Amino acid sequence: MLRYVSNKVTVFLTSRVYSTRSHVGSTISSNSWTTVVTALAQSGVIDALHAAVELLNDGDKPDDASALIHLLRVSGNNGYVSLCRQLHGYVLKHGYVSKTRLSNSLMRFYKMSDSLEDAHKLFDEMPEPDVISWNSLVSGYVQAGRYQDGLCLFLDLHRSDVVPNEFSFTSALAACARLGILLLGACIHSKIVKLGMERGNVVVGNCLIDMYGKCGSMDGAVLVFQHMEERDTVSWNAIVASCSRNGELELGLWFFHQMPNPDTVTYNELIDAFVKCGDFDSAFQILSCMPNPNSSSWNTILTGYVNSEQSSEATLFFTQMHSSGVRFDEYSLSIVLAAIAALAVVPWGSLIHSCALKLGLDSRVVVASALIDMYSKCGMLKQAELMFWTMPRKNLIAWNAMIYGYARNGDSTQAIKLFNQLKQERFLKPDGITFLNLLAVCSHCEVPMELTLGYFEMMVNEYGIKPRVEHCCSLMRAMAQRGEIWQAKRVIQEFGFGFDGVAWRALLGACSAGKDLKAAKAVAAKMVVLGEVDEDEYVYIVMSNLYAYHERWREVSQIRKIMREKGVEKEVGSSWIQEQNFAMQF
DNA sequence: TTAGGGTTAG
């Protein structure tokens with residue numbers, strides 16, 4: 001068996017080695033593990049790998065695990081995935097599994113090659129995982145965006161006999177930050193203080209600032225920053241980012257002016273801060289004056305336009321990026337695709353698609369998901385499907401984008417079918433967005449009420465997702481469509497959204513769709529009590545239209561009068577003209 | 001203590 005495996009190793013290696021060999025020349029004169037390890041650690045990497053494989057082929061077992069660790073590191077770093085997997089087989093066969101460091105090294109390889117499940121399996125098989133084994137897996141999950149899995153594992157670590165260290169806490173804090181779980185983040189902070197890890201480790205401090213900032217606690221972020229014994233550029237950037245994120249522009253600028261050596265990230269944070277408060281002029285000013293702007297600097301402004309629903313401006317800015325010679329990255333493309341999706345201009349979307357193909361970015365998850373989204377928003381479901389099914393790796397965002405595509409185009413059968421397929425996926429599970437899309441399908445198409453309710457219950461009970469107001473709105477729309485307005489009203493109360501204007505607004509929309517004047521009057525009255533009516537023409541328009549439908553003209557003119565008095569008037573319909581310039585730029 | 005683990009922008 002070993003001979004067979006090793007032969008494959010040799011074949012694999014030689015097929016890649018020959019071309020480089022003539023340039024590098026052989027540096028290995030005598031084959032022994034000592035010389036091989038020295039070579040692996042220094043130079044002549046390819047030759048050293050070759051020599052190592054020859055030793056394995058000859059049945060020459062390494063004295064200890066360290067040679068195999070070196071071998072794994074070097075082969076992993078050079079992309080010899082198949083060799084690494086075969087080395088794992090060798091490790092299993094020759095009983096090296098109990099060597100914790102060696103297993104950690106294998107875990108590193110599996111993490112590097114995006115095989116977290118293999119890393120976890122290996123971890124489970126380790127007789128004595130140490131703190132590095134735990135940290136490696138926790139950080140693997142966190143870096144892969146599987147924050148909940150990472151946190152669960154971190155909590156398991158806490159319950160184990162292994163003592164967590166600084167590294168364990170930094171990964172856990174990053175997960176809390178991304179999930180916005182301030183309570184757990186603060187608990188971890190107190191644990192860090194108790195263990196005396198807060199001082200003397202700048203990275204821990206940086207993670208704390210980031211966690212507080214992302215969880216909306218500006219005070220927490222500033223407090224940590226002020227108490228840090230040592231600060232590096234990341235600390236300063238993290239505090240400026242916290243200010244930007246929490247709308248504290250002036251405080252952010254104050255920190256910026258104190259900062260010894262601002263770098264590109266710092267300037268980008270400032271651009272972001274200005275863009276977030278709508279001050280695009282200042283953002284431009286920083287962009288034109290900053291020392292080393294990169295694609296992120298431009299992308300930040302581009303994102304600002306998209307987030308403030310200025311899609312046309314976003315596309316114009318994108319052409320400006322192109323003419324300024326900015327190198328587009330996957331984010332530039334995905335952001336501009338969002339703008340194009342909002343404008344629903346298919347030719348521009350196709351142009352960006354070609355651009356992505358040309359740059360070799362079309363299979364990146366952010367770009368592919370944005371393309372799916374753009375095509376489905378433009379009504380081109382077949383194109384969206386093609387993108388989805390040809391993606392080499394589909395993450396949840398891609399699945400959600402495709403389900404949303406069906407939802408938007410009213411194809412409930414396909415949306416539900418795809419959702420059922422997603423449920424079968426081993427390493428993905430539906431999230432709140434998935435269910436939002438699914439419930440939207442149910443509320444727009446004629447999906448049986450039992451099925452709709454079933455999905456809602458599945459979300460809460462099976463997947464433990466707390467319903468947000470948007471989920472309840474979809475459920476209410478579905479109920480209202482069947483004339484069950486009063487049951488829909490019960491949903492608002494039952495899930496504690498009685499004081500949420502958005503929920504009542506949705507219910508009013510549902511009453512309007514069902515032409516139910518009596519129910520609409522009750523809902524509008526509730527909205528008046530909640531103060532949701534002032535400066536919002538929606539309630540007036542809905543009520544006026546409903547009264548008109550029921551030919552109650554006296555009430556219609558009364559509402560129009562109130563609207564005139566309050567200065568709330570129906571928005572004038574707007575249209576857009578395609579800027580031909582955009583297409584001309586490419 | 002040369003081998004394995006951590007932080008900031010979208």
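The values are calculated or read from the model by the stated rules, or taken from the named source; none is laboratory data. Computed from a predicted structure; not experimentally measured. Every residue, glycine among them, receives a Cβ derived from its backbone with ideal geometry; neighbour counts consider all protein chains shown. Accessible surface is based on the protein model in full, side chains and every heavy atom, while ligands, DNA and RNA are left aside. Shrake-Rupley method; radii C 1.70, N 1.55, O 1.52, S 1.80 Å.
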Counting only protein heavy atoms with a 1.4 Å probe and every protein chain in place, the carbon and sulfur fraction of the accessible surface of chain A in whole percent equals 51
So how do A:401-407, A:179-185 stack up, highest first, on mean other-Cβ count within 10 Å? A:401-407, A:179-185
Going Cα to Cα from residue A:382, which lysines come in below 24 Å? Please leave out same-chain ones fewer than 8 positions away. A:358, A:394, A:417, A:423
What is the spin-label model distance, in nm, from residue A:190 to residue A:420 if the labels are put 7 Å beyond Cα along the C-beta direction? 4.9
Rank these residues by their accessible area, most exposed first, probe 1.4 Å: A:396, A:451, A:418. A:451, A:396, A:418
Apply 1/(1 + (r/R0)^6) to the Cβ-Cβ distance of residue A:148 and residue A:61, taking R0 = 56 Å, and write down the FRET efficiency to the nearest 0.05. 0.85
Ordering A:47, A:64, A:161 by the accessible surface of their heavy atoms, 1.4 Å probe, largest first, yields A:161, A:64, A:47
For residue A:561, the lysines lying under 17 Å Cα to Cα, once residues fewer than eight places off in the same chain are dropped, come out as A:570
Does segment A:184-260 come out rounded, prolate or oblate, given a ≥ b ≥ c as the square roots of the eigenvalues of its C-alpha gyration tensor, rounded meaning a/c under 1.5 and, failing that, prolate meaning a/b above b/c? oblate
Under the 7 Å Cα-to-Cβ spin-label approximation, residue A:552 and residue A:307 lie apart by a distance in nanometres of 4.3
Segment A:165-277, relative contact order in percent, only Cα pairs under 8 angstrom and at least six apart counted: 21
Which order do A:559, A:301 take when ranked by solvent-accessible area (1.4 Å probe, heavy atoms of all protein chains), largest first? A:559, A:301
Need the full-extension length gain, residue A:253 to residue A:94, defined as separation in residues times 0.36 nm minus the C-alpha distance. One decimal, nm. 51.3 nm
Measuring with a 1.4 Å probe in the full set of protein chains, what accessible area per residue, in whole Å², belongs to chain A? 50
If the cut-off is 15 Å between C-alpha atoms, which aspartates and glutamates fall inside it for residue A:377, apart from same-chain ones fewer than 8 positions away? A:385, A:411
If R₀ is 35 angstrom, what is the calculated FRET efficiency for the pair residue A:320 and residue A:363, using the beta carbon separation as r and rounding to 0.05? 0.80
Quick check: from the Cα gyration tensor, does segment A:492-558 come out rounded (a/c under 1.5), prolate or oblate? prolate
First measure r as the distance between the Cβ atoms of residue A:562 and residue A:518, then evaluate 1/(1 + (r/R0)^6) with R0 = 25 Å and state the FRET efficiency to the nearest 0.05. 0.80
Signed unit charges on C-beta, dipole axis of chain A, positive-most listed residue A:444, A:392, A:323: A:444
For chain A, shape from the Cα gyration tensor axes a ≥ b ≥ c, cut at a/c of 1.5 then a/b versus b/c, turns out prolate
From the Cα centre of segment A:479-508 to that of segment A:346-403, the distance in Å is 35
Approximate spin-label separation residue A:413-residue A:386, in nm, with each point projected 7 Å along Cα-to-Cβ: 2.3
